[in-house]
Amino acid sequence: MNVGTSVHVVEVASFPPGYFLENFVMRANGSFLVTVLSHKQLWYIPPERGALVDPVLLHTFDMMAMGIVEAEPDVFYVATGKGRARIYRFDLRGWTPEVPISPHVVLELEDGVGMVNGSCLVGPRTILIADCFAGKMWRIDLEDNGMSATAREWLRHDSMTHKPHGPMPDQPGVNGVRYAAKTHYLYYTNTAQQTFMRVAVDPHTFDPAGEPELVATGMMGDDFCIDEESGVALVTTHRENTLDRVSLTPDGNAGPRDSVIGNPVFDLMIGPTAAAWSRNPSEHGRVVYVTTDGGIKAPMPDGLRPAKVLRVTL
């Protein structure tokens, strides 16, 4: 389906209304792993074949499923939890969809957890996880074998806090996180504060190397993807139903808001939650995948839509 003259959207997979697709990764073979917050699940989505594909349930957790990262080829870590957290390891090397899989718990956090949210890899064995209700980020350092890990607070900052006494107290603070490995900046959204931020990262220690700075404002950003070559991020705005193009530098965002999709509202993309670039080299910076929840947090007047995985060609 065409959106205007320059954007084409194809539906890859669909879930029933009420499925809160939270985060996802694209595997090297073109398949996806998708976390579903509302059902505490991880789903597998086969590579697209020009028609809708059928999702396959991989695992059901005992807490909300949130951020997911690939730490080494086909080895994934999923963060779960509110009030406490647990990190699971999924080793899909040599795995096929017909084979049951049992994840391994690498870490449990009992103290100081608000709610884990987006996550990203900043070093070979270092994961950062946003804590959207504690106003901070966690640093998770994996042991060499990837089967256990240690955790500590990476950064706590006012730009990460939510607004529990504001008009929408359930909105997260720090939400999506992505690391720009060439420029050594960590980018993050704050949904409640409607900001897009960055902080410098020491490329050797992977610790913060300065104070956070404002990159853009005026959108209720969720998860996003970045393209360092073109200097832009594509940010999903969960409650606002848009995919916004944002410069990675503060001085590049002086103009009007640039919504690639969603202004006007585009019916296929209601409740966009996360975005990731295609891993096909020929599609770099041109094809992005987006997950949606069908409007759980901001329903359309006629009710919820099915949740979807979409392929967007720019």
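Count of the stretch 285-314 residues, restricted to those that are free of Cβ contacts under 8 Å to residues at least 40 places away in the same chain and surrounded by fewer than 17 Cβ atoms within 10 Å (Cβ to Cβ), is 5.
Would the stretch 276-291 turn up any residue that is charged (D, E, K, R) and touching a Ser or Thr at 6+ places or on another chain (Cβ under 6 Å)? No: zero hits.
Does at least one position in the stretch 8-19 carry a residue that is part of a loop (DSSP other than H, G, I, E, B), more than 21 Å from K297 (Cα to Cα), open to solvent by less than 30 Å² (accessible area, probe 1.4 Å) and touching a Gly at 6+ places or on another chain (Cβ under 9 Å)? No, because not a single residue in the stretch 8-19 is part of a loop (DSSP other than H, G, I, E, B), more than 21 Å from K297 (Cα to Cα), open to solvent by less than 30 Å² (accessible area, probe 1.4 Å) and touching a Gly at 6+ places or on another chain (Cβ under 9 Å). Listed by first and then second residue, the pairs with beta-carbon distance under 9 Å, at least 6 apart or on different chains, first residue in the stretch 160-171 and part of a loop (DSSP other than H, G, I, E, B), second surrounded by 11 or more Cβ atoms within 10 Å (Cβ to Cβ) and β-branched (V, I, T), are T161/V174; H162/V174; H162/T191; M168/T191; Q171/T191. A single member of D158, D202, D223, D207 is of a type in the set (D, E) and over 21 Å from V69 (Cα atoms), and it is D158.
Against the list (1) open to solvent by 10 Å² or more (accessible area, probe 1.4 Å); (2) in contact with an Asp or Glu (Cβ under 6 Å, 6 or more places away or on another chain), the condition G176 fails is (1).
Select, from E143, E153, the only residue that is acidic (D, E) and under 17 Å from A85 (Cβ atoms). Show your work before the answer.
On the way: E143 fails: under 17 Å from A85 (Cβ atoms).
Going through E143, E153 in turn, just one is acidic (D, E) and under 17 Å from A85 (Cβ atoms): E153.
Any idea which residue in the stretch 125-137 is nearest to P103 (Cα to Cα), counting only those that are open to solvent by 20 Å² or more (accessible area, probe 1.4 Å) and touching a residue at least 24 places away in the same chain (Cβ under 8 Å)? Checked the stretch 125-137; the qualifying residue nearest to P103 (Cα to Cα) is R125. Checking each residue in the stretch 172-181 for being part of a strand (DSSP E or B) and either more than 23 Å from P124 (Cβ to Cβ) or of a type in the set (S, T, Y) (or both) picks out V174, N175, Y179.
Selection over the stretch 107-139 of residues that are closer than 13 Å to L155 by Cα and aromatic (F, W, Y) gives a count of 1. Taken together, T35, T80 contain a single residue that is of a type in the set (S, T, Y) and touching a Leu at 6+ places or on another chain (Cβ under 8 Å), which is T35. Among the residues of the stretch 144-153, is there at least one that is open to solvent by 20 Å² or more (accessible area, probe 1.4 Å), basic (K, R) and in a strand (DSSP E or B)? Looking through the stretch 144-153, at least one residue is open to solvent by 20 Å² or more (accessible area, probe 1.4 Å), basic (K, R) and in a strand (DSSP E or B).
Look through A71, A79 and report the one residue that is open to solvent by less than 10 Å² (accessible area, probe 1.4 Å), within 18 Å of the chain's Cα centre (by Cα) and at pLDDT 95 or above.
It is A79.
Confirm whether D293 is out of contact with any Leu (no Cβ under 6 Å at 6 or more places or on another chain), under 22 Å from S38 (Cβ atoms) and of a type in the set (D, E, K, R). When the stated conditions are applied, D293 does not pass them.
The values are calculated or read from the model by the stated rules, or taken from the named source; none is laboratory data. Computed from a predicted structure; not experimentally measured. Cβ atoms come from the backbone with ideal geometry, glycine included; neighbour counts cover every protein chain shown. Heads up: the accessible areas ignore ligands, DNA and RNA and are worked out on the full protein's heavy atoms, side chains in. Shrake-Rupley method; radii C 1.70, N 1.55, O 1.52, S 1.80 Å.
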